[in-house]
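Peer 1: Please find one structure pasted underneath; my questions will follow.
What follows is calculated from the coordinates using simple rules that are stated; it is not laboratory data. Please read all numbers here as calculations on a predicted model, not as lab measurements. Quick reminder, even Gly has a Cβ in these numbers, built from the backbone with ideal geometry, and neighbours come from all protein chains shown.
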Amino acid sequence: MSDDRTPVTGPFRIHVDATPTGVGLDVTHYLTAVILGLAQTADEEGDGLLDDLRNIAELARSAAHQGSDSHAAHERDERVADLLAEVADDGVIPVYGAQVGRLRDRLAVLTAPRSVPGQREAGAA
């Protein structure tokens, strides 16, 4: 079973914590798998992955100058999507069975309206 902070325990752990303005989803476990996938791809492809990443960086710089609807932005997004498909199951974190409900419940608890303590009147202790 999971603790309140970790409503999703697998295949990738997701921790959920309150923040001053909402919640924070800690997906470190998933990101570790993505990095390991990148490392494995780099080991298998050698400089091919590095060339792909450099090309994505170049497209991102061009997109920053040309705008979000530019050819460079669309090309960057397509190449990122291709890489995510290769190393990270399209960037989708699966959540199964009862864990779906636990995630929902944890989010509901952390986002429920909370009462705000009233201000003290002037001179009150």
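Peer 1: Please determine, in degrees from 0 to 90 and to the nearest 10, the orientation of helix 47-66 with respect to the longest principal axis defined by the Cα atoms of the chain, where the helix direction is its Cα long axis.
Peer 2: Between helix and principal axis, roughly 70 degrees.
Peer 1: Any chance you could give the angle, 0 to 90 degrees and rounded to 10, that helix 98-111 forms with the longest Cα principal axis of the chain?
Peer 2: The answer is roughly 60 degrees.
Peer 1: Just to confirm a number: summing +1 for Lys and Arg and -1 for Asp and Glu over residues other than Y30 whose beta-carbon lies under 10 angstrom from that of Y30, what do you get?
Peer 2: Around Y30, the surrounding residues sum to -1.
Peer 1: Taking only Cα atoms and a 10 Å spring cutoff, compute GNM fluctuations for the chain and point out the largest among V109, V95, V27.
Peer 2: For the chain, modelled as a Gaussian network with Cα springs under 10 Å, the answer is V109.
Peer 1: Net charge within 13 Å of L59 by Cβ-Cβ distance, Lys/Arg positive one each and Asp/Glu negative one each, not counting L59 itself?
Peer 2: Net of charged neighbours comes to -3.
Peer 1: With axes computed from alpha carbons, what is the tilt in degrees of helix 28-45 against the longest principal axis of the chain, rounded to the nearest 10 within 0 to 90?
Peer 2: Its long axis makes an angle of about 10 degrees.
Peer 1: Only Lys, Arg, Asp and Glu count, each charged at its Cβ (+1, +1, -1, -1), so figure out the dipole size of the chain about its Cα centre, rounded to 20 debye.
Peer 2: Using only the charged Cβ atoms, the result is roughly 1020 debye.
Peer 1: Return the distance in nm (one decimal) between the two label points of a simple spin-label model at Q40 and E86, each offset 7 Å from Cα along Cα→Cβ.
Peer 2: According to this spin-label approximation, the distance is 1.4 nm.
Peer 1: Bin all alpha-carbon pair distances of region 44-92 at 5 Å intervals from 0 and give each bin's fraction as a whole percent.
Peer 2: Pairs per bin, as whole percents: 5, 23, 24, 23, 16, 7, 2.
Peer 1: Counting other beta carbons within 10 Å of each Cβ, put L53, L36, L103 in order, fewest first.
Peer 2: Least to most surrounded, the residues fall as L36, L53, L103.
Peer 1: Something else about it: May I have the pair-distance distribution P(r) for the chain, computed from all Cα-Cα distances with 10 Å bins from 0 and rounded to whole percent?
Peer 2: 11, 26, 23, 23, 10, 5, 2, 0
Peer 1: Taking the simple approach of a point 7 Å from Cα along Cα-to-Cβ for both A108 and T32, what is their distance in nm?
Peer 2: Placing both labels 7 Å beyond Cα along the Cβ direction yields 3.0 nm.
Peer 1: Considering the dipole of the chain built from charges on the beta carbon (Lys and Arg +1, Asp and Glu -1) around the Cα centre, which of L49, V34, G97 is farthest to its positive end?
Peer 2: G97
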